[in-house]
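A.B. asks: Take this structure first; my questions come after.
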Amino acid sequence: MAEISTSILTVEKENATKTFYDLEVAGTDYYHIDIMDGKFVEKNTEEIMFEYTNTIKQISNIPLDVHFMVEDIQSNIDKYIPFNPNIITFHYEACKDDEEVIKFINYIKENNIKPAISIKPKTSIEKIKKFLPLLHMVLIMTVEPGKGGQKLIPETVEKVKELKAYLKENNLDTYIEVDGGVNKETANLVKEAGADILVSGSAIISADDFKKAIEEMKA
Ligand code: DX5
Ligand code: ZN
């Protein structure tokens, strides 16, 4: 059974605390925190996500799944270490070379956090194969990063399948997470392809019944 990581990107400020509480009650496995810097992607969510993470830490022990869509990875890791996230994901495309990728993986591990790399829809999994033995998870973007509420790009499901097959052949237990356009219709596609954790934002946040929305995607 897949786990669900609820993206809090589209949560409204007025009822944020209640929404976070309701998500825990509804059985989300993680809170997915989307940090955007206005450079790697157009939008900037730095302030609001920092505020939301503070709020979550005050009311819940559900693990944090932090997704950096930023150019300055180092300073963002440092900013989030005090929250003790379970997983930190950074983008392969934001790193200047392979040495830098390995530097961030090691730095995240030294802080007792699970490291993950994300790739955008057009980046092939070839690029990250060499890092797989060092990683807890790979986040395959199923939409272009930058905003919630987009449609899943069907070709990205093939990448999930390809990665799953490669992991199996090489006896690796790296988790696969998918992010973008996951709802009760697309959940089956990505689960069958091999995804272990599904990020879902608008499909849950806009639902009347969070528990039902989460259970429908898990089942
Ligand atoms: C996109 C973010 C996603 C996104 C998920 O850049 O990384 O986490 O907000 O939201 P939905 O499920 O609405 O596509
Ligand atoms: Zn995300």
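The values are calculated or read from the model by the stated rules, or taken from the named source; none is laboratory data. Note that the structure is predicted; figures quoted are calculated from it, not measured. Note: ideal-geometry Cβ built from the backbone for every residue, glycine included; neighbour counts use all protein chains shown.
A.B. asks: Which of (1) within 25 Å of Met217 (Cβ to Cβ); (2) of a type in the set (Val, Ile, Thr); (3) more than 14 Å from ligand 2 (Cβ to nearest atom) is the odd one out, the single condition Ile102 does not satisfy?
C.D. replies: (1)
A.B. asks: Right, here's the next one. Counting residues that are in contact with a helix residue (DSSP H, G or I) (Cβ under 9 Å, 6 or more places away or on another chain) and within 15 Å of ligand 2 (Cβ to nearest atom), which helices (runs of 4 or more DSSP H) fully inside segment 133-219 reach at least 1?
C.D. replies: Passing ranges, in order: 155-169, 187-193, 202-205.
A.B. asks: Same structure again: Take segment 196-209 and flag every residue that is of a type in the set (Gly, Ala, Ser) and in contact with a Lys or Arg (Cβ under 8 Å, 6 or more places away or on another chain).
C.D. replies: Ala203
A.B. asks: Please go through segment 8-33 and give me each residue that is within 14 Å of ligand 1 (Cβ to nearest atom) and touching a residue at least 60 places away in the same chain (Cβ under 8 Å), ordered by number.
C.D. replies: The answer is Ile8, Leu9, Thr10, Val11, Leu23, Thr28, Tyr30, His32.
A.B. asks: Assess whether Ile56 counts as being in a helix (DSSP H, G or I), more than 14 Å from ligand 1 (Cβ to nearest atom) and modelled with pLDDT of 95 or more.
C.D. replies: So Ile56 fits the description; yes.
A.B. asks: Now a separate question. Report the residue count in segment 128-175 for those that are of a type in the set (Val, Ile, Thr) and away from ligand 1 (no atom under 16 Å from the Cβ).
C.D. replies: 2
Residue-by-condition table, conditions (1) assigned to a helix (DSSP H, G or I); (2) in contact (Cβ under 8 Å) with a residue 60 or more places away in the chain:
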residue	(1), (2)
Thr6	no, yes
Phe50	yes, no
Asp78	yes, no
Pro82	yes, no
Ile88	no, no
